[in-house]
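To start, the structure itself, in C-alpha cells.
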Amino acid sequence: MIFGKAGFGGAVADFEAAVTAQDAKRSGKAFVRLQETFGQAREPELLDGGPRLAAVLEQAPPGPRAVVAVLVGACVERGADAERCAPGVLAGLRWALEQALVFSDAWVASGGGAFPVPDGGEPGPEAVERAGFDAAVGWWTLPQWEMAAVAMLNHPGVRRAVGFRSEALRLLGAVERASGAELKSLAYALLVLDDEPLVALHRASGTGYLLRLSGIGDNFQLHTLLADALIGGGHVEGHAPSAQEAAVCRETPGQVDTVGSFDLVAPDGELIWNEGAPADIPVVDGVRLLVLDEPSYRRSWPAGRFFPGMRGDALLERPLDPEETERWYAHVSPAKDATEDATG
C-alpha cells in the first residue's frame with residue numbers, strides 16, 4: 001500500500017490498514033502522521049477518524065496505543081460519536097489498569113522505593129526489568145488512558161455502562177492502594193451519577209425536596225446547583241447564586257466566584273465535603289439522602305464544572321409533602337455543632 005493520501009483522514013486510513021496487517025514499520029510511520037496531521041484535521045475527518053481509530057486500538061502496539069486513544073478522545077471532544085469510540089478506549093483503559101496493578105505489585109516485591117513518575121515517554125529500563133514490558137507500559141500510560149477515558153465518560157450514553165464502571169473503580173482503587181498514586185479525574189468520572197434521585201432536607205425550614213441529579217462532577221458543583229434550585233427558586237431562604245454562577249455549573253464555559261449557601265450533611269450528622277462527589281451522599285431506603293444546614297462559616301470558591309465537557313444539573317422535581325418529609329427526617333440525627341468540623 002502506498003502512503004499517498006494527505007491529511008488526517010489519510011493518516012487514519014494508513015494506520016488502520018497497517019495495524020490490521022500487523023506491519024510494525026508501516027504502523028509506526030502512520031502513527032507519526034496521525035500526530036502531525038491532527039491539528040489541521042477537518043470536521044468530517046474527525047467524525048470519521050475517531051471511531052475508526054478506536055476500532056483498531058486493541059491491535060495497535062502497546063506503546064503508541066495510549067497516544068492513539070488520546071487522539072480518539074480529542075476527536076470525541078470535537079464531535080465524534082462517543083458511544084462508537086468508547087468500547088475500544090475503555091477496553092484499553094481496563095488493560096492499562098490491570099497492567100498498572102501488576103506493575104505496582106512487582107515494584108513493591110522487587111525492592112520498593114519511590115514509584116517512577118510517568119513522563120509521557122517510554123518506560124525506563126529499570127521499570128521494564130523489575131515488572132516486565134507490558135506492566136511498565138500500563139503504568140507509564142495511565143495518565144493518557146485517564147485523559148482518553150474521561151473524554152468518553154463526559155457523555156451520558158457511555159456512563160450507562162455500569163458494569164464496566166464498577167470494575168474500573170475496583171481496579172483503580174487497587175492500583176491507588178498499591179502505589180499511592182491518585183487518578184482523581186478518572187475516579188470522579190466513574191462516580192458520576194445520572195438520573196439519580198436525591199432527597200434534600202432543609203433543616204432550618206423543616207422542608208424536604210425531591211431532586212434528580214445528572215452529570216455533576218463534584219460537590220462544589222452540586223452545592224451551587226442545589227442553592228440555585230432551592231434558594232433561587234424561592235423555596236427556602238438563604239444566599240442564592242447568580243444566574244451566571246448557576247449557568248457555569250450546567251453547561252456555560254468558564255468559572256465565576258461564588259459563596260457557599262449550606263453545610264452539606266449526611267443523615268448521621270457527618271459533613272459531606274465540597275471536595276467530594278455526589279456519590280458520597282448515603283443511600284437510605286434506596287434514595288440518596290442529604291441534609292442542608294445553615295453554613296457554619298463563610299466559604300468561597302470558583303463555581304464551575306469539574307468536567308468542563310460534561311453537562312450537569314440538579315432538577316427540582318417537587319417539594320415533599322409534610323408526611324413524606326417527616327418520614328425522611330426520621331432517618332436523620334439531630335444537628336451537630338458544625339463549628340467543630342469547620343476546618344476543611
- Item | Calculated FRET value between HIS235 and GLU122, using beta carbons and R₀ = 51 Å, to 0.05 | 0.35
- Can you quote the Å³ per residue value for the convex hull of the Cα atoms in the range 186-256, rounded to an integer? 95
- Item | Highest to lowest packing among 131-138, 41-48, 182-189, scored as the average C-beta count within 10 Å | 131-138, 182-189, 41-48
- Heavy-atom accessible surface of the chain: percent carbon and sulfur, 1.4 Å: 53
- Would you mind getting the accessible area per residue of the chain, heavy atoms of the protein chains only, 1.4 Å probe, in Å²? 45
- Item | Distance between the range 142-170 and the range 266-286 - C-alpha centres, whole angstrom | 23
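Indicate, rounded to the nearest 5 percent, the antiparallel portion of the DSSP beta bridges found entirely in the chain.
Of all bridge pairs located within the chain, approximately 80 percent are antiparallel.
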- Note on the structure: Restricting to aspartates and glutamates and to Cα separations under 16 Å from LYS29, and discarding same-chain partners fewer than 8 apart, the set is ASP14, GLU16
- Which aspartates and glutamates does LYS184 reach when only Cα atoms under 14 Å apart count, and residues fewer than 8 places away in its own chain are ignored? GLU146, GLU176, ASP218, GLU275
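Which semi-axis lengths, in whole Å and largest first, follow from the square roots of five times the eigenvalues of the Cα gyration tensor of the chain? Walk me through the intermediate numbers first.
On the way: eigenvalues 383, 113, 51 Å².
With the √(5λ) rule applied to the chain, the semi-axes are 44, 24, 16 Å.
Counting pairs of alpha carbon atoms under 8 Å apart in space and at least six apart in sequence, what relative contact order in percent does the chain give? It would help to have the intermediate numbers written out before the result.
Values: 592 pairs, mean separation 47.2, N = 344.
Reported as a whole number, the value is 14 percent.
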- If the chain between ARG84 and THR20 were fully stretched, how many nm would it gain, using 0.36 nm times the residue separation less the Cα-Cα distance? 21.2 nm
- Between SER300 and GLU326, what is the FRET efficiency for a Förster distance of 30 Å, r being their Cβ-Cβ separation, to the nearest 0.05? 0.30
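Using the Cα atoms as the points, what is the convex hull volume per residue of the range 231-314 in Å³?
Measuring per residue, one finds 110 Å³ for the Cα hull of the range 231-314.
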- Item | With Cα atoms, 0 to 90° folded angle of helix 142-153 axis to the chain main axis | 60
- Query: Can you list, bin by bin at 10 Å, the percent of alpha carbon pairs in the range 1-101, starting at 0?
  - Reply: 17, 52, 28, 3, 0
- Query: 222 nm [θ] for the chain, helices only, -39500 (n - 2.57) per DSSP H run of 4+, per residue, to 500?
  - Reply: -15500 deg cm²/dmol
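The values are calculated or read from the model by the stated rules, or taken from the named source; none is laboratory data. Here the structure is a predicted model, which means the values were calculated and not measured. Positions of Cβ are generated from backbone atoms using ideal geometry, with glycine treated the same way; all protein chains shown enter the neighbour counts. Surface accessibility is based on the protein's heavy atoms, side chains included, excluding ligands, DNA and RNA. Shrake-Rupley method; radii C 1.70, N 1.55, O 1.52, S 1.80 Å.
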